[in-house]
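For reference, the structure discussed in these notes is given below.
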Amino acid sequence: INRLDVGNLLHETAERFARLPEAQRTEQRVRDIVRSVMAREPKYRLERNAKYAERLTEEAVRLCAVLGEQLSAGAYRVEATEAEFGEGKRYPGIILSDDPPVLLAGKIDRVDAGDGFVRVVDYKTGGKKFDPAAVYYGTQLQLPVYLTAVTAVADGRRPGGMFYFPFKVKWKDPDLRLDGLFDASPESVIAHDRAFAEPGKHESTVIKYTATNKDGALAGYNNKNVADGGLLADVCAYAVAAAGQAVREIADGYIRPTPLVDGALSPCNYCEFAAMCGERFPRYAGSPGTDVFRGADHGE
């Protein structure tokens, strides 16, 4: 049983569990789903894997319990799972370029809607974290592109947020709150977690947000991934523009090496031609949250 097996099992279990009506989101249903997924893979029937399969089952139970609590805590309800966007799909495709003509299509793990807002959720195994600067530098465009697709439907709903739901299989109690960028207006935050409708200080169990409600206004604490006003829509527009620029560079044959070096993590570590390249690339060491977008021209 390898890492890919773990990710696939937890992903499918979470997806099927999220589609269930709230009254049917029970521990027994989780175990039934896991059993049916494991039944398709002979390796789970091997005696040497029995203990690991048992631990994976308990991890899935805990994971789905958190997922169910997150959905029950706010106004959002699952609108679609494995939601496709593209020509003729539920959500429209995204035009990245007119010359050459490129229409982006894809599939979103989960789309939630509630109280006039819509959010996208992508399931991630491992330590993947949302970083606004990674969007700015073009290496983490997935979530804002997804949110662009679902908000392109002309139904009047506002973008509420874009999130990773982390599957951190460490056999302890990791932080499984939704990790991403969200509209920090009081009505949007309360749609994620109705605890913020009550006076006083609250730390959300749904999203990574801590704030005090005083007379209906929310004052946040050290929250980098919040988007005030129209910034969330601006980030989405910026990401689509960056993807379109990449398409045009590919079409033009632009091949200059410009890797983004993040601390000790560098694409150069995996390049067979690094020894003969000789170029030195700037290092990126994180960002002050969404401030990286303020003043950015997403039309360029």
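The values are calculated or read from the model by the stated rules, or taken from the named source; none is laboratory data. Since the structure is predicted, the reported quantities are computational estimates derived from the model, not experimental observations. Because the Cβ atoms are built from the backbone with ideal geometry, glycine has one as well, and the counts that use them run over all protein chains shown. Accessible surface is based on the protein model in full, side chains and every heavy atom, while ligands, DNA and RNA are left aside. Shrake-Rupley method; radii C 1.70, N 1.55, O 1.52, S 1.80 Å.
Okay, here's what the table says:
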quantity: Protection proxy ranking, peptides 186-197, 100-111, average beta carbon neighbours within 10 Å, highest first; calculated: 186-197, 100-111
quantity: Label-point gap, in nm, between ASP115 and ALA197 - each point 7 angstrom along Cα→Cβ; calculated: 0.7 nm
quantity: Summed side-chain charge close to SER185 - residues other than SER185 whose Cβ falls under 12 Å, Lys, Arg +1, Asp, Glu -1; calculated: -3
quantity: Alpha-carbon gyration tensor eigenvalues x 5, square-rooted, for region 49-141, Å; calculated: 31, 19, 15
quantity: Over 35 Å [Cα-Cα, the chain], rounded percent; calculated: 26 percent
quantity: Greater than 28 Å apart at Cα, pairs in LYS43/LYS208; LYS51/LYS124; LYS43/LYS124; calculated: LYS43/LYS208
quantity: Two-site FRET efficiency, LEU20 against TYR270, from Cβ-Cβ distance with R₀ of 41 Å, rounded to 0.05; calculated: 0.50
quantity: Rounded to the nearest 20 debye, dipole of the chain from Cβ charges on Lys, Arg, Asp, Glu; calculated: 1100 debye
quantity: Of LYS129/LYS224; LYS128/LYS224; LYS129/LYS201, pairs whose Cα-Cα distance is over 20 Å; calculated: LYS129/LYS201
quantity: Label-zone membership for region 1-16, site LYS43, 7 angstrom Cα→C-beta point, backbone N under 12 Å; calculated: 1-9
quantity: Positive dipole terminus of region 10-130, leading residue within THR26, VAL102, PRO92 (C-beta point charges); calculated: THR26
quantity: Ratio Rg/Rh, restricted to region 75-125 and using Cα atoms, in which Rh is the Kirkwood radius; calculated: 1.08
quantity: Accessible surface ranking that places the most exposed of GLU82, GLU22, GLU272 first, with a 1.4 angstrom probe; calculated: GLU272, GLU22, GLU82
quantity: Apportionment of accessible area to carbon and sulfur, the chain, percent (1.4 Å); calculated: 50 percent
quantity: Cα-derived Rg to Rh of region 1-92, Kirkwood definition; calculated: 1.04
quantity: Estimated translational D of region 54-203 in µm²/s (Stokes, Kirkwood radius over Cα pairs; 20 °C; 1.002 mPa s); calculated: 129 µm²/s
quantity: Mean separation of Cα contacts under 8 Å, 6 or more apart, over the residue count of the chain: relative contact order %; calculated: 15 percent
quantity: Cα pair distances in region 199-264, grouped into 5 Å bins until the bin that holds the longest one, percent each; calculated: 3, 12, 12, 14, 13, 12, 10, 8, 7, 4, 2, 0
quantity: Accessible-area value, GLU41, 1.4 Å probe, nucleic acids and ligands omitted, Å²; calculated: 70 Å²
quantity: Contour minus Cα-Cα distance for ARG256 and GLU27 (0.36 nm per residue); calculated: 77.2 nm
